[in-house]
Amino acid sequence: MVGIFKKILSKLFKNIFKKKKQLKLGIYGPPNGGKTTLANKICEDWLGEEMGTVSNIAHETREIQIKEEISIKHKGKELKFNLVDTPGIATKIDYEEFLKSGMKENEAKTRAKEATKGVIDSIKWLDEMDAVIVVLDSSKDPYTQVNITILGNLEARSIPVLVVANKIDLKKADIKKIQSAFPQYEVIGISAKFGNNLEDFYDALFKVVK
């Protein structure tokens, strides 16, 4: 009886340690860089469904969103992970910015409060990440306090990073500016909206997430 009990315990412990924790891949960046658009594209490609709602108004994503057990098969390789789409990080969130987009005062204040909580949650979740995709708008100046803060925090935690220069379909897009701003990282130019250059994106992702 004792022998059978030992075998059961041994099998149980083997199963516990065999189960490797699911890799968490986070999508970070400032508001309106295209994080959720990219998350949706990844989920559509490999799960056949979207991740979240996209809007031209900043801070549409105000809560952490997770899609579990995504499996990417690319050029004979496979990558499994949980995808974590985070609210856009900002140093200042003013409800008056939402008023300009046509919201009523109460709605604007609620949105600002939710967006602020979302930023705090995003930063807290950094400690959970195994690798991070930082999505930047390639038509905007990359030398911002927000971008430097995000990448500085990732570097301090030694988290592997892939920098995505999104919106290369825009006339003002300038990938070289982002490469110059953050030369320590590989920068991949894509258009998440139109699916441009995703082959190179997936190639780079496999290199970063080892």
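Just a few scattered comments:
- Taking amide H as placed 1.01 Å from N in the peptide plane, residue 28 has its amide H under 5 Å from the amide H of 133, 134, 135, each at least 5 places away in sequence or on another chain.
- On full extension, the segment bounded by residue 144 and residue 109 gains 10.1 nm, given 0.36 nm per residue less the C-alpha separation.
- When 49, 199 are arranged by Cβ crowding within 10 Å, least crowded first, meaning fewest neighbours, the order is 49, 199.
- Extension gain, residue 124 back to residue 78 (0.36 nm per residue minus Cα-Cα distance, nm): 13.7 nm
- Net charge contributed by nearby residues that have their C-beta within less than 14 Å of residue 47 (K/R +1, D/E -1): -3
- With neighbour counts taken as other beta-carbon atoms within 10 Å, the residues 36, 149, 91, 116 rank, fewest first, as 91, 149, 116, 36.
- The range 21-208: antiparallel DSSP beta bridges as a percent of all, rounded to 5: 35
- Mean shadow area of the range 21-208 over all directions, Cα convex hull, nm²: 10.5
- Each peptide in 69-80, 164-175 was scored by the mean count of other Cβ atoms within 10 Å over its residues; highest first, the order is 164-175, 69-80.
Each reported figure results from applying straightforward, stated rules to the coordinates on display, with no laboratory input. The structure presented is a predicted model; accordingly, all values stated were derived computationally and were not measured. Every residue, glycine as well, gets a Cβ built from its backbone with ideal geometry; the counts of neighbours run over all protein chains shown.
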